1. Quick check on region 129-138. Is at least one of its residues of a type in the set (D, E, K, R), over 14 Å from the mean Cα position of the chain (by Cα), under 15 Å from residue 60 (Cα atoms) and modelled with pLDDT under 95?
2. If residue 63 satisfies all but one of (1) in contact with an Asp or Glu (Cβ under 8 Å, 6 or more places away or on another chain); (2) surrounded by fewer than 17 Cβ atoms within 10 Å (Cβ to Cβ); (3) not acidic (Asp, Glu), what's the number of the condition it fails?
3. With the requirement that a residue be more than 21 Å from residue 123 (Cβ to Cβ) and of a type in the set (Val, Ile, Thr), what does region 29-58 give you?
4. Pick from region 3-37 the residues that are farther than 24 Å from residue 104 by Cβ and among the charged types (D, E, K, R): which of them is surrounded by the most Cβ atoms within 10 Å (Cβ to Cβ)?
5. When you scan region 89-122, how many residues do you find that are surrounded by 13 or more Cβ atoms within 10 Å (Cβ to Cβ) and not aromatic (Phe, Trp, Tyr)?
6. Can you tell which of 50, 95, 78 is assigned to a helix (DSSP H, G or I) and in contact with a helix residue (DSSP H, G or I) (Cβ under 9 Å, 6 or more places away or on another chain)?
7. Going residue by residue through region 38-47, is there one that turns out to be under 12 Å from the mean Cα position of the chain (by Cα) and either polar (S, T, N, Q) or surrounded by fewer than 16 Cβ atoms within 10 Å (Cβ to Cβ) (or both)?
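The values are calculated or read from the model by the stated rules, or taken from the named source; none is laboratory data. Just so you know, these numbers come straight off a predicted model, no measurement behind them. Don't worry about glycine lacking a Cβ; one is built from the backbone with ideal geometry, like all the others, and counts go over all protein chains shown.
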Amino acid sequence: MDYREAKHADLPGIRALLEEGGLLSVDCAEQIGNFWVVEDCAEIVAIGALEICGAFGFVRSLAVTATHQGHGVAAQLLGILEKKAIQGQLRALFLLTETSVAYFRKFGFEVIARESAPAPIRATRQIEELCPAYAILMTRDLIGSKVV
């Protein structure tokens with residue numbers, strides 16, 4: 001499998017995977033520079049994005065095709081996004097989830113109230129208008145983390 005930064009030509013595959021996973025695809029074109037894709041036999045099988053919000057990162061649109069779930073693809077992709085965040089000296093990662101709290105806890109993410117998130121995170125389009133109010137906000141501190 002190949003992990004690489006997304007290109008504009010990947011938009012149809014990104015949108016299809018987001019829609020397959022029940023995730024929002026409305027702003028993926030404007031966020032294309034933040035996306036990573038995973039390909040298997042020239043087919044996009046996983047995607048994820050890291051939106052930079054000041055000193056913080058917002059992990060979004062992490063999705064894996066059903067046939068590739070359970071093989072560590074999402075974990076490796078999350079690791080790539082985390083590495084980029086650490087290289088960029090970001091202080092923490094944030095994400096919203098409706099169904100995967102237990103999964104993200106395995107990677108050190110903790111549930112927090114939306115009101116306690118820093119202003120740049122609260123101001124993201126995902127939080128302000130796109131994601132439902134019942135989506136759970138999680139965070140993971142990166143201070144002191146080193147690139148491995």
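1. yes
2. (2)
3. The answer is 37, 38, 44, 45, 47.
4. 10
5. 18
6. 78
7. Taking every residue of region 38-47 in turn, none turns out to be under 12 Å from the mean Cα position of the chain (by Cα) and either polar (S, T, N, Q) or surrounded by fewer than 16 Cβ atoms within 10 Å (Cβ to Cβ) (or both).
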